[in-house]
Each structure stands twice: as structure tokens, then as C-alpha cells.
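Participant: Next up is a structure, given as C-alpha cells.
Values in this text are rule-based calculations from the coordinates and carry no lab data. Computed from a predicted model, the values in this text were never measured in an experiment. Glycine gets a Cβ as well: all are built from the backbone with ideal geometry, and neighbour counts include every protein chain shown.
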Amino acid sequence: MPDMIASQAGLRRTRVLFALPELGAGGPDRVMFELITHLPRDRFLPLLMVGRRGGRYFDMLPADVEIHVAGGGRRYPVRAYARLVDSLKPDIVFTTLRMNLTAGLGSFVHRHRPVLIERQANAIAADFAILRRSSLIKHRVAEWLVKLALRRADWLVAQSADMGAELRGAMPAARRGRVVVIGNPVDIASVEQAAKAQHATVLRGSPALLGVGRLMPQKGFDVLIDALPAVLAAHPGAHLTLLGEGPDRAALAARAAALGVGDRVTMPGHAEGVLATIASADLFVSSSRYEGFSNAILEAIALGVPVAATDCPGATREMITEGESGFLAPLQDPVGLSAAIGRALASDRVAVAARARAHVSATFGRDRIVSAYAALFDRARG
């Protein structure tokens with residue numbers, strides 16, 4: 001009898017299939033992990049589809065999560081996804097990253113009709129404006145496919161007000177009310193605990209400036225390097241560390257050398273102890289040209305590190321109020337970025353960081369964000 005009651009209770013729960021390429025160490029991976037882990041089990045039964053097994057967050061999943069590894073490592077496993085949807089018959093499918101396109105195309109194939117909710121990870125127009133420089137036809141086609149997939153969704157999740165406005169423009173007029181803005185979750189105690197368990201990359205300089213992200217045009221590290229001579233004029237002991245790897249490494253190193261600051265920029269590549277390294281910085285600098293929602297900024301704030309950032313499209317200004325919880329610079333402006341860094345270094349950084357922590361805890365605290373997603377899932381199922 002207890003087993004029957006439990007089974008009946010399980011049938012009443014909303015079956016949510018989370019689909020993403022992997023549960024590694026990236027920002028979107030962390031968001032999905034937090035949702036899967038903390039959705040209330042009396043209302044939801046989480047299922048997971050990933051393209052490959054393993055990864056930082058994959059290895060931390062709760063034991064009650066039903067895991068399906070499908071697609072054989074294919075970038076867009078449309079058929080495997082469609083077969084899984086027909087087999088599992090979830091009430092809701094929730095996707096992000098390139099699984100948005102997989103699910104959008106798969107919706108033409110599978111017979112079962114769950115509610116499809118897609119979470120867009122980046123600003124579409126800004127992202128493809130940069131990508132088209134490398135291959136115009138390829139990325140025009142890719143952009144068209146991305147927008148097609150979004151139009152196949154029943155609901156869209158935007159991470160910021162900026163992204164919400166863009167996604168509403170991509171949706172049919174009748175469904176623009178089904179674009180919901182939900183930021184990314186943070187649990188400050190968990191971030192602090194994780195940082196304490198890691199070994200930090202030793203940062204040089206006093207002050208020690210840190211940027212984190214893939215070495216690519218989106219992150220604007222070229223603009224940050226251009227800003228560095230002015231920063232060094234006011235703070236001769238400063239040193240910039242760029243933590244990450246990417247295709248722009250050689251170009252960034254050459255740029256720093258040409259400006260005479262090659263010995264003041266270190267690029268150590270990937271590091272396991274990212275949180276511990278952020279915690280050891282004097283100032284976290286985000287020079288991005290655009291963001292969906294910068295988890296790196298969120299984590300820096302959670303760790304009590306002051307932030308100077310470009311006021312780029314995305315959620316940055318939703319985390320940072322100029323002079324109160326951080327410092328903002330105009331987009332793609334080395335002079336403005338060096339001035340924002342200067343204001344940050346001259347400020348009461350402890351007080352600024354404390355105000356920033358209080359703001360993100362109240363606005364993007366994990367329980368608040370998970371509750372927002374739970375309400376969306378309830379509403380979407382009807």
C-alpha cells in the first residue's frame with residue numbers, strides 16, 4: 001500500500017525533462033543544476049537529458065534524478081531527443097544552449113506534445129553580429145535556425161530585461177506575453193564554501209585585477225588591455241590576469257606587447273580553482289561587449305570582490321548600480337573603462353562589495369529564483 005500511494009503521488013507531479021549538452025562547469029550548467037537539485041519534489045519530478053556523461057555538476061546530481069545520456073556526442077541530436085520525448089512523455093521540456101535548436105527541430109518529429117520552454121543563453125543580435133564576421137552565410141543560416149527554434153517554443157525564459165525585449169521581438173505577436181524574465185540563482189554560502197575548498201591561481205600585482213572568461217571578442221579583453229596603460233599610470237603596481245582560454249590568446253598577447261604592458265598581463269589558461277582565484281582578487285573586471293547574465297560577476301559579488309564592468313546589453317546593470325554596488329563603464333570605451341577601474345580602486349571597496357552582496361542575495365537568491373521557475377512550470381502546464 002505505501003508503494004501504491006507513493007506511485008500515485010508521483011503521477012501527480014509534473015514531469016520536467018531538462019535537456020542540455022552537458023553538466024560541466026559553465027554558467028548555464030550551474031543554473032540547470034540548481035533547478036534540478038532544488039525544485040520541490042512534492043510538485044516536480046526532474047528528468048535529465050545530456051549529450052555526454054560526467055562533468056562538475058553532473059557528478060553532484062541528487063540520486064533521485066533520472067539521467068539519460070543520448071545522442072552519441074552529436075552536436076544537435078534531434079532524433080535521439082525526439083525518441084526520448086516520446087519514450088518519457090514529460091509534461092514539460094526545458095532546454096538551454098544548443099539544445100534549444102535540437103528541441104525546436106525535434107518538435108517537428110516527436111509525437112508526444114509536451115510544453116516546450118527554452119532558456120536563451122545569450123543576446124542573439126549581438127552574438128551573431130560578431131559571428132558573421134568570420135562566416136557571413138554560415139552564421140546567417142544559423143541565426144535563422146535559432147530564431148525558428150525559439151518560435152517553436154511555448155514559453156521563453158530571458159535572463160535580463162534587455163534579453164526579454166529582444167526575445168519578444170522574435171516571438172509571434174500572440175505569444176509575446178509568454179516571454180518571462182528570470183535571472184540566474186546564487187547561494188552565497190555555497191559559493192563561499194566552494195571557493196574555500198579550491199586552490200587559487202596566484203595573482204600578481206597590487207592591486208591584482210582579474211578578468212574571467214573565454215578569450216574571444218564577446219568578452220572585450222582587447223578593450224581591457226587598451227585601458228591598462230591609463231590604469232598603470234595611476235596604479236603602477238597593478239597587474240591584470242585573464243583567466244580562461246580561447247582563440248584570441250595570441251592577438252591579446254600581441255596587443256599587450258604593442259602597448260608596452262606585456263609584462264603586466266598574465267593569461268594562465270584554464271584553472272580548476274576559479275572561485276578561489278576570484279576571491280583573491282582586489283578587483284574583478286568585466287569588459288564584455290554583451291552578456292546574457294554574467295555568472296562570473298554574480299560569483300565575484302557573492303565572494304565579496306568589488307566589480308568594475310561595461311554597461312553592456314544583458315543583466316549587468318541589474319546587478320550593479322554605479323557607485324553603490326559596483327562601477328560601470330561605457331561599452332567598448334578604454335578611457336571609460338580605465339576611469340571605472342580607477343573609481344573602483346579609489347572607493348571603499350569593502351562597503352561597495354557588502355552592498356552588492358546584499359542586493360544580489362535579495363534579488364537573485366537561489367530560493368527566490370527556483371520559486372520563480374517553479375511558478376513558471378505550474379503556469380505553463382496550466
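Participant: Provide T363, T241, T201 in ascending order of the number of other Cβ atoms located within 10 Å of each residue's Cβ, fewest first. Intermediate results must be reported in sequence, preceding the final value.
Facilitator: Values: T363 13, T241 23, T201 20.
So the residues, fewest neighbours to most, are T363, T201, T241.
Participant: Can you tell me which lysines have their Cα less than 23 Å from the Cα of K147? Leave out same-chain residues fewer than eight positions away.
Facilitator: Partners within reach: K138.
Participant: Can you put S135, S371, S325, S160 in order, fewest other beta carbons within 10 Å first?
Facilitator: S135, S371, S325, S160
Participant: Still on this structure: Treating only the Cβ atoms of Lys and Arg (+1) and Asp and Glu (-1) as charged, compute the dipole magnitude of the chain about its Cα centre; round to the nearest 20 debye.
Facilitator: The dipole magnitude comes to about 1520 debye.
Participant: In terms of Cα to Cα distance under 29 Å, which lysines are near enough to K196, apart from those fewer than 8 places away along the same chain?
Facilitator: K219
Participant: Two decimals is fine: what is log10 I(q)/I(0) at q = 0.10, 0.14, 0.18 Å⁻¹ for region 188-364, from a Debye sum with one equal scatterer on every Cα and no solvent?
Facilitator: -0.32, -0.66, -1.15
Participant: I need F221, F293, F44 ordered by Cβ neighbour count within 10 Å, fewest first.
Facilitator: Fewest to most other Cβ atoms nearby, the residues stand as F44, F293, F221.
Participant: In the chain, which longest range has no trypsin sites (Lys or Arg not before Pro) that are both DSSP loop (not H, G, I, E or B) and surrounded by at most 11 other Cβ atoms within 10 Å?
Facilitator: 134-382
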